Amino acid sequence: MGHSLLCMMGFFLLSTVICGNDEAPPEPTVTLQPSWTQIYSGETVTVRCEIQGGEGAQWTYEWRPAKLNTPPKSSEYRISNAAECDSGEYSCRGKRDSSWTKWSDNITLTVLSPPKPTVTLQPSGTQIYSGVIYSGETVTVRCEIQGGEGAQWTYEWSPAKVNTPPTPREYTITNAAESDSGGYSCRGRRGSPWTEWSDITTLTVLSPPKPTVTLQTPWTRIYRGDRVTVRCEIQGGEGAQWTYEWRRGQVNIRETSNEYRINRFNESDGGGYSCRGRRSSSWTEWSDSTSLRVTVPTKPTVTLQPSWTQIYSGETVTVRCEIQGGEGAQWTYEWRPAKLNTTPTSNEHRFTVTESDSGGYSCRGIRDYLVTEWSDIITLTASYKPRPVLTVSPSWLSPGASVTLNCQVEHPSAGWSFYWYKAVPDLSEKSSSYELLPDGSGTAQDSYIIHGQTHTAGYVCRAGRGDPEYHTDHSQPKFVWSADVHSAASLTVSPDRVQHFTSDSVSLTCEGNFTEWRVMTVPPSDPSYYYNCWRMTGSTCNIYTSKSDTGVYWCESGSGEFSSA
């Protein structure tokens, strides 16, 4: 019995030993103190090997990396003034007696360069714009360290007045004043080293600006039925979230945006409009009042360009409808006569005049719900193309004297320019061609002087005006008669006497070194009319005289020479 009990006790002890040998050794764990896996160069961290359930035992520790194995029995390793070369994976194992635990899982430590803080401005209830706030507003100055979230930072501010207390990362300025303007910067510390200073963020505290009310139309006058928009503009406040308040006179308007719209303006909408703005809790002062009122439209006026009282067929004119004070507005125009209403939105019509365009022209303007009255009628009178009248002085010339030409047109004050020509006989066409005289193109004066005239000659003029220039017909030629005996052409009369009787046979013969001739005459009854001899044989004109043959006669050669008369 006693032996059996002893055996059983031996078996129990043996079983206990055997079972105890079957237990797995404890597993180490690597921890960091503080527990940040990401630290900044210059900071201190302790790497610790903890063996759960192995407390109180005498352990020997082995580390990876091997540089931590000094001394080999330490359960922790302190890294002071950490550097980027301390980054890496850390693991450990423990030994007591002769048995090692297995290696712990790796823990990764990352050592970074200290971040550079950033100062931001966070106004309460609005978004700051370019670092500008207004006196009376609230702003929060915040120090932000990218990647440093969750750590216990201590902050230092510049200017020093913000360092109360020294630990918060943000500083709230309530009821800001201009003395709060300036540059703000910060740095942070979580341990012994400080980060570098942030860049400076400038805060500017200004007196609240005075708003301005502007009328958002390109014209200055408002007519009944117009669509009108007034805008509240705050200089320097662009980009901010403003709330607006409007009033007409002393009566508030239910509008909080920066624009107030009136779809159909009438007399009851007239008055002085003003506004003010608020962002956060501070209001600006009221703007000056902008007065809006209904304008009674003026009576349109039709103008004629050019403004000549007499227009000739073929000239180009522009009729224009003008509404005083309506510049810039979108008008539709109605015209009389109705033929001008092909483009109803146009306030002017440009056309080349014919006789059928004579008559009265008037217009009126239409815009939204407004129609003006009809303008007064302006009358356009279109006449046939005019022919100026040329006079020469003197008509009978002493060789070498000066001759003055005068070109007379209707309405001489209407901006005419004058053109001066010499008449050159053209026997093939039984007429004359015109050769421009020196400096005879577009003169402002209606007279032209020819110096040193020696021979008989014919002259013509015409006039022009406008843009594009409109030209009259050519005048009838006028002649200057010369008594020059040395002329290359001459006229002889047979019988050679001053006075002839009716039914006489008279021969007028052209002499000179030319092969082609014609005899021309001007009757005294109509000096503006001239014609050539119709009984011409060679160089001789034969006539049987009658009273109608009385006149001045001369010869013209095919090369353009004139005889004396």
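The values are calculated or read from the model by the stated rules, or taken from the named source; none is laboratory data. Since the model is a prediction, treat every value here as computed from it, not as a measurement. Because the Cβ atoms are built from the backbone with ideal geometry, glycine has one as well, and the counts that use them run over all protein chains shown.
Say whether the condition of being within 23 Å of LEU427 (Cβ to Cβ), small (Gly, Ala, Ser) and assigned to a loop (DSSP other than H, G, I, E, B) is met by at least one residue in segment 460-478.
yes
Restrict the check to segment 56-75 and report whether at least one residue is over 60 Å from the mean Cα position of the chain (by Cα), touching a residue at least 24 places away in the same chain (Cβ under 8 Å), in a loop (DSSP other than H, G, I, E, B) and crowded, with 17+ Cβ neighbours inside 10 Å.
For segment 56-75, residues over 60 Å from the mean Cα position of the chain (by Cα), touching a residue at least 24 places away in the same chain (Cβ under 8 Å), in a loop (DSSP other than H, G, I, E, B) and crowded, with 17+ Cβ neighbours inside 10 Å: present.
What are the residue pairs meeting all of these: first residue in segment 545-565, first residue more than 19 Å from ARG497 (Cβ to Cβ), second residue acidic (Asp, Glu), Cβ atoms under 7 Å, and 6 or more apart or on different chains?
Partner pairs satisfying both residue conditions: SER557/GLU516; GLY558/GLU516; PHE562/GLU556.
Exactly one of (1) surrounded by 15 or more Cβ atoms within 10 Å (Cβ to Cβ); (2) touching an Asp or Glu at 6+ places or on another chain (Cβ under 6 Å); (3) of a type in the set (Ser, Thr, Tyr) is unmet by SER433. Its number?
All conditions pass for SER433, except number (1).
Since THR229 meets every condition but one in (1) of a type in the set (Val, Ile, Thr); (2) more than 30 Å from ILE253 (Cα to Cα); (3) assigned to a strand (DSSP E or B), which condition does it not meet?
Going through (1) of a type in the set (Val, Ile, Thr); (2) more than 30 Å from ILE253 (Cα to Cα); (3) assigned to a strand (DSSP E or B) one by one, THR229 breaks only (2).
Return only the number of the condition from (1) within 17 Å of ARG224 (Cα to Cα); (2) exposed (fewer than 13 other Cβ atoms within 10 Å of the Cβ) that PHE265 does not satisfy.
So the condition that PHE265 fails would be (2).
For SER35, indicate whether it is under 30 Å from GLY147 (Cα atoms), surrounded by fewer than 17 Cβ atoms within 10 Å (Cβ to Cβ), out of contact with any Asp or Glu (no Cβ under 9 Å at 6 or more places or on another chain) and at pLDDT below 90.
yes
Just for segment 467-483: of the residues that are surrounded by fewer than 19 Cβ atoms within 10 Å (Cβ to Cβ) and more than 16 Å from CYS407 (Cβ to Cβ), which one is modelled with the lowest pLDDT?
Ranking the qualifying residues of segment 467-483, first place goes to ALA483.
Looking only at segment 419-449, count every residue that is over 20 Å from GLY560 (Cβ atoms) and either among the aliphatic types (A, V, I, L, M) or not in a strand (DSSP E or B) (or both) and tell me the total.
7
Run down THR201, THR217 and say which single residue is assigned by TED's automatic domain parsing to the domain that holds SER179 and surrounded by 15 or more Cβ atoms within 10 Å (Cβ to Cβ).
The unique qualifying residue is THR201.
Please enumerate the residues belonging to segment 381-412 that are part of a strand (DSSP E or B), crowded, with 18+ Cβ neighbours inside 10 Å and of a type outside the set (Gly, Ala, Ser).
LEU390, VAL392, LEU397, VAL403, LEU405, CYS407
Out of all the residues in segment 171-198, which are of a type in the set (Phe, Trp, Tyr), in a strand (DSSP E or B) and either at pLDDT 90 or above or surrounded by 18 or more Cβ atoms within 10 Å (Cβ to Cβ) (or both)?
Those that are of a type in the set (Phe, Trp, Tyr), in a strand (DSSP E or B) and either at pLDDT 90 or above or surrounded by 18 or more Cβ atoms within 10 Å (Cβ to Cβ) (or both): TYR171, TYR184.
For the list (1) at pLDDT 90 or above; (2) aromatic (Phe, Trp, Tyr); (3) over 30 Å from GLY56 (Cα atoms), I need the number of the one condition that TYR90 fails.
Status for TYR90: all satisfied but (3).
Please work out which residue is surrounded by the most Cβ atoms within 10 Å (Cβ to Cβ), limiting yourself to segment 450-459 and to residues that are touching a Gly at 6+ places or on another chain (Cβ under 8 Å) and not in a loop (DSSP other than H, G, I, E, B).
GLN453
List pairs: first in segment 423-435 and modelled with pLDDT of 70 or more, second hydrophobic (A, V, I, L, M, F, W, C), Cβ under 7 Å, 6+ apart or cross-chain?
ALA423/VAL460; SER432/ALA423; SER432/VAL424; SER433/VAL424; TYR434/ALA423; TYR434/VAL460; GLU435/VAL424
So which of LYS95, LYS161 ends up being modelled with pLDDT under 85 and outside any loop (DSSP other than H, G, I, E, B)?
It is LYS161.
Residues are listed down the side, and each one gets a yes or a no for (1) closer than 26 Å to ILE133 by Cβ; (2) not small (Gly, Ala, Ser):
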position	(1), (2)
THR154	no, yes
LYS161	yes, yes
GLU170	yes, yes
THR201	yes, yes
VAL205	yes, yes
TRP219	no, yes
ARG227	no, yes
GLY236	yes, no
GLU255	yes, yes
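State whether the residues of segment 92-104 include one that is under 30 Å from GLU178 (Cβ atoms) and not basic (Lys, Arg).
no
Pick from SER564, SER482: which is under 24 Å from TRP420 (Cβ atoms), touching a His at 6+ places or on another chain (Cβ under 6 Å) and among the polar types (S, T, N, Q)?
Going through SER564, SER482 in turn, just one is under 24 Å from TRP420 (Cβ atoms), touching a His at 6+ places or on another chain (Cβ under 6 Å) and among the polar types (S, T, N, Q): SER482.
Residue by residue through segment 199-234, note down the ones that are of a type in the set (Asp, Glu) and at pLDDT 90 or above.
Residues satisfying the conditions are ASP199, GLU233.
Yes or no, residue by residue, for (1) modelled with pLDDT of 90 or more; (2) within 21 Å of SER307 (Cα to Cα); (3) hydroxyl-bearing (Ser, Thr, Tyr):
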| residue | (1), (2), (3) |
| --- | --- |
| THR342 | no, no, yes |
| ARG367 | no, no, no |
| TRP396 | no, no, no |
| VAL403 | yes, no, no |
| SER417 | yes, yes, yes |
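Restricting to segment 486-514, count the residues that are basic (Lys, Arg) and either touching a strand residue (DSSP E or B) at 6+ places or on another chain (Cβ under 8 Å) or outside the structural domain of SER546 (by TED's automatic domain parsing) (or both).
0
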